[in-house]
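Peer 1: Have a look at the structure that comes next, please.
The values are calculated or read from the model by the stated rules, or taken from the named source; none is laboratory data. Quick caveat, the model's predicted, so the values are computed rather than measured. Because the Cβ atoms are built from the backbone with ideal geometry, glycine has one as well, and the counts that use them run over all protein chains shown.
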Amino acid sequence: MEERSTDVAILGGGPAGLGVHYYAHQKGVDSLLIEATGQLGGNCRTESFDDFRCDTGAHRLHDKDGKTTGLFKELLGPDLQSVSAPSQIYVDGTFTDFPLSPLNLWKTMGTLSFFRACFQVLKNSLWRNSDAGDFESLAVGHYGRIVAERFLINYSEKLWGDSAHNLSVEIAGSRLKGLDLKTFILEALQGKKKKVEHLDGTFYYPRHGIGMLFDALVEAVPTSSLLLESPVTEIQHEDFVITEVISDGRCVTRPEWVVSTLPMTTLLRCLQPAPPAVVMEALKRIRFRDVLVFVFALSKPSVNDNASMYFPDKKFRFTRIYEPRNRSKAMAPDGQTSLAVEVPCQNLKDWSNEAVRDVRVEVQGQLVDIGFFVESEVLTCHVMRLRNAYPILDNQYKEYTERAFEYVRQFRNLHVTGRNGLVEYSHIHDHMKNARKLVDGFVPSSVPC
């Protein structure tokens with residue numbers, strides 16, 4: 001057994017874990033990051049194939065936390081670019097701006113359907129029930145049945161793999177903020193660009209892909225503080241104090257503190273002694289969604305101008321498509337482009353190569369039918385398999401995650417962070433902000449990060 005001691009053992013090398021490791025190193029805290037694979041960045045990486053680059057998801061850096069934005073501006077300099085690009089949703093052969101906005105809905109739905117929808121929105125705004133218990137009720141209550149069913153409910157059911165009345169209202173995020181008087185005025189009087197900025201269509205993006213953010217964090221820490229290809233297999237504890245982290249069955253780390261970004265289910269199953277039966281039973285109800293990403297390299301200069309495109313119709317397996325070149329021209333060779341297509345799924349580890357191939361063929365045919373490209377323009381297709389891409393936020397998830405957290409909070413030297421650790425739908429700036437708070441807790445007498 002290889003043995004070592006450290007002040008902080010960080011479990012998982014995704015954005016949340018790398019954020020904690022970076023800030024800990026900046027504060028002079030001895031930390032060791034333990035990652036199961038040979039790659040850092042988790043499900044927020046940039047992969048290269050041939051002369052193309054593509055992210056493992058339609059990632060972007062929102063300017064929601066000044067310290068996070070400032071840090072990456074400092075680390076990347078001119079390679080961090082400001083991008084203004086629209087997103088749209090594809091319904092019945094027509095693209096509509098997304099998040100939804102009134103003037104564009106009028107253009108795409110037609111006058112009669114639009115004013116019927118407006119009547120429902122106005123009616124619901126006057127008699128809105130603020131206690132919606134599920135996403136379907138929230139969407140219908142906010143937008144009315146016409147708009148909710150056309151644009152939101154089917155899409156959410158595809159994305160999360162459950163019926164809308166079983167999904168938590170928390171999945172809405174910022175999707176319900178566009179259909180209001182302020183957006184109507186901005187769009188009508190100041191143009192589409194102003195509306196895009198108002199609805200978070202402006203973001204920061206690195207020249208060579210989102211992975212540059214996390215590569216910069218890795219470059220700022222010692223290589224010796226990274227333990228790669230070392231999956232955590234056992235976490236020993238006594239009297240609610242973690243004493244040893246065993247990884248790859250051969251490395252023993254004895255930490256003063258542990259920060260876990262592992263999926264909550266993985267963390268608790270590694271604990272020895274095991275958690276009580278009631279906690280282990282709750283784990284069965286905490287679920288995560290996997291995603292297949294097909295990246296089609298194309299011998300054409302462009303498909304369209306969108307940052308992302310959303311597809312609620314259930315005849316399409318995919319939910320979202322993005323054209324990396326629209327975020328940075330460096331993502332594809334001159335005169336060529338690519339389309340990344342996301343297909344949510346379950347139990348991806350059990351999928352055979354033949355099953356993945358069959359889905360790719362189906363997806364490619366549908367993209368051709370839509371008119372994005374013709375078969376002869378496809379140069380190659382790169383496939384990415386993303387396990388535990390995001391937690392499924394159904395109506396019961398809080399009940400079962402709270403049972404897990406009640407147990408975890410009893411540990412005196414364990415902190416949990418990250419999207420799958422906290423079982424929440426969070427973003428890059430959230431991970432970095434949480435990382436600063438955690439590290440400030442390790443060094444309470446220092447100046448905050």
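Peer 1: Which condition from (1) under 22 Å from the mean Cα position of the chain (by Cα); (2) over 28 Å from Lys398 (Cα atoms) is the one that Glu354 breaks?
Peer 2: So the condition that Glu354 fails would be (1).
Peer 1: In addition: Anything in segment 312-337 that is outside any loop (DSSP other than H, G, I, E, B), of a type in the set (Ser, Thr, Tyr) and touching a helix residue (DSSP H, G or I) at 6+ places or on another chain (Cβ under 6 Å)? List them, or say none.
Peer 2: Thr337, the sole residue that qualifies.
Peer 1: Mind listing whichever residues of segment 286-305 are assigned to a loop (DSSP other than H, G, I, E, B), over 23 Å from the mean Cα position of the chain (by Cα) and of a type in the set (A, V, I, L, M)?
Peer 2: Val303, the sole residue that qualifies.
Peer 1: Find the residue count for segment 243-275, including only residues that are at pLDDT 95 or above and touching a Pro at 6+ places or on another chain (Cβ under 7 Å).
Peer 2: Summing the residues that are at pLDDT 95 or above and touching a Pro at 6+ places or on another chain (Cβ under 7 Å) in segment 243-275 gives 3.
Peer 1: Kindly indicate whether any position in segment 273-280 is touching a strand residue (DSSP E or B) at 6+ places or on another chain (Cβ under 6 Å) and not aliphatic (A, V, I, L, M).
Peer 2: no
Peer 1: What number of residues within segment 364-395 satisfy the criterion of being loosely packed, with under 14 Cβ neighbours inside 10 Å, polar (S, T, N, Q) and more than 24 Å from Cys44 (Cβ to Cβ)?
Peer 2: Selection size over segment 364-395: 1.
Peer 1: Quick check on this structure: which one of Val356, Val361, Val343 is more than 23 Å from Pro301 (Cβ to Cβ) and either of a type in the set (D, E, K, R) or surrounded by 19 or more Cβ atoms within 10 Å (Cβ to Cβ) (or both)?
Peer 2: Selected residue: Val343, the only one of Val356, Val361, Val343 that is more than 23 Å from Pro301 (Cβ to Cβ) and either of a type in the set (D, E, K, R) or surrounded by 19 or more Cβ atoms within 10 Å (Cβ to Cβ) (or both).
Peer 1: Just checking, does segment 265-280 include any residue being buried (at least 16 other Cβ atoms within 10 Å of the Cβ), in contact with a Leu (Cβ under 6 Å, 6 or more places away or on another chain), β-branched (Val, Ile, Thr) and free of Cβ contacts under 8 Å to residues at least 24 places away in the same chain?
Peer 2: Yes, because at least one residue in segment 265-280 is buried (at least 16 other Cβ atoms within 10 Å of the Cβ), in contact with a Leu (Cβ under 6 Å, 6 or more places away or on another chain), β-branched (Val, Ile, Thr) and free of Cβ contacts under 8 Å to residues at least 24 places away in the same chain.
Peer 1: To continue, here is another question. Which ones in segment 214-263 are of a type in the set (Ser, Thr, Tyr) and more than 30 Å from Glu74 (Cα to Cα)?
Peer 2: Ser230, Thr233, Thr243, Ser247, Thr253
Peer 1: On to the next question. Only one of Gly19, Gly42, Gly38 is in a loop (DSSP other than H, G, I, E, B) and either buried (at least 23 other Cβ atoms within 10 Å of the Cβ) or without any contact (Cβ under 8 Å) to a residue 24 or more places away in the chain (or both). Can you tell me which?
Peer 2: The match here is Gly42.
Peer 1: Any residue at all in segment 249-260 that's within 27 Å of Asp430 (Cα to Cα), in a strand (DSSP E or B), in the same structural domain as Gly17 (by TED's automatic domain parsing) and of a type in the set (D, E, K, R)?
Peer 2: Yes, segment 249-260 has at least one match.
Peer 1: Which residues, taken from segment 344-359, are assigned to a helix (DSSP H, G or I) and free of Cβ contacts under 8 Å to residues at least 24 places away in the same chain?
Peer 2: Answer for segment 344-359, where residues must be assigned to a helix (DSSP H, G or I) and free of Cβ contacts under 8 Å to residues at least 24 places away in the same chain: Asp350, Asn353, Glu354, Ala355, Arg357, Asp358.
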